[in-house]
Amino acid sequence: MVVYAFAFIAFTLDLARRASTRRVEVSVAAPVTVAATTATAGSTAVLDRPDSAAPVTPGPEVPARSRAARLGMSFTIIAWVLHVGGTVLRGVAAGRVPWANMFEFSLTATAIIVGVFLVVQLWQDLRFLGAYVAGFVLIFLGIATTNFYVDVVPLPPALQSGWLVIHVFVASLGTGFYGLGAALSVVQLVQQRRMAKGLRFIASVPDPDRLETMAYRLIVVGFVFWTFTLMAGAIWAEHAWGRYWGWDTKEVWTFIIWTIYAGYIHARATRGWRGSRSATLALIGFGAVLFNFTIVNLFFKGLHSYSGL
């Protein structure tokens, strides 16, 4: 958590630098000519542009990689290695996979979120999301260690199945992609407001359309994992309780999340939903994911009451 805190500070400093980055001025005029004039003290160069040249227009915003961003990524990688090591050792201590209760799931899911963030860097530079990812993981690890911690205990009979490995791990993967998609949607809404109001905040990050496209692609991947989670959960339920579906609270909310994201993908692909409506629906979906993990696990009774608290 301390190293994640360092990463959060570094990424926040990088955001501050991005907020102060000015647009690069690029000339689209015809080639200029250079005329040398000689003065008494020496020679000076004079740029002579024809009157018919096009005006200077803003060019793309491509800031150089800042030291703060590099430090943030370095701290994130170090923290993630420690994070994964702690999660693996919890599994070794328990003699099973480390995601059988809320504390263990918090450790595993946040490690997967950071892992997805690091892997996606190979596809797209998303370091401007570093403050969000590090801050989100830092908060959840703090909550997990202070409120969800439980000692290692034997598994309940219903969890003594190979489906525990597959079902929960794939759900964690889906959550990781949903989380990054939600982060991009937040930045998209901020960018739209910046462009509408003339604000200069994070002027150097991609434009709203590009952010929306990246969020859509990540959410589609998360939706595939979540669909498998829903199907695998039904198969596991039949093995454990003798029925595929029983309208248990956890089952219902898993299906609600699937429905929200299915509506998001359908609306964007066929109904032409773009801009703030698309981003808002993505955030509603991730809000349902967080509600399912926290409120449903802690305050609703059912066959899925495995919080360990």
Computed magnitude of the charge dipole of region 66-171 (debye, nearest 20; Cβ of K, R +1, Cβ of D, E -1): 260
E212 accessible area, 1.4 Å probe, all protein chains in place, Å² to nearest 10: 10
Label point distance in nm, L290-D125, each placed 7 Å from Cα along Cα→Cβ: 2.9
Unit charges at the beta carbon, dipole of region 161-294: most positive-side option, P208, A234, A171: P208
Global geometry of region 161-308, whether rounded, prolate or oblate, following the gyration tensor of its Cα atoms and the 1.5 cut on a/c: prolate
Ranked order, M214, M73, M195 - accessible area, probe 1.4 Å, largest first: M195, M73, M214
Sequence of K301, K250 from largest to smallest accessible area, 1.4 Å probe: K301, K250
For region 75-114 and region 144-186, distance of Cα centres in Å: 10
Region 81-202 - Kirkwood radius from inverse mean 1/r over Cα pairs (Å): 16.0
Nearest-10 value in Å² for the accessible area of V252, using the 1.4 Å probe: 40
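The values are calculated or read from the model by the stated rules, or taken from the named source; none is laboratory data. Everything quoted here is computed from the prediction, not taken from an experiment. Positions of Cβ are backbone-derived with ideal geometry, glycine not excepted, and every protein chain shown enters the neighbour counts. For accessibility, only protein heavy atoms count, side chains too; no ligands or nucleic acids. Shrake-Rupley method; radii C 1.70, N 1.55, O 1.52, S 1.80 Å.
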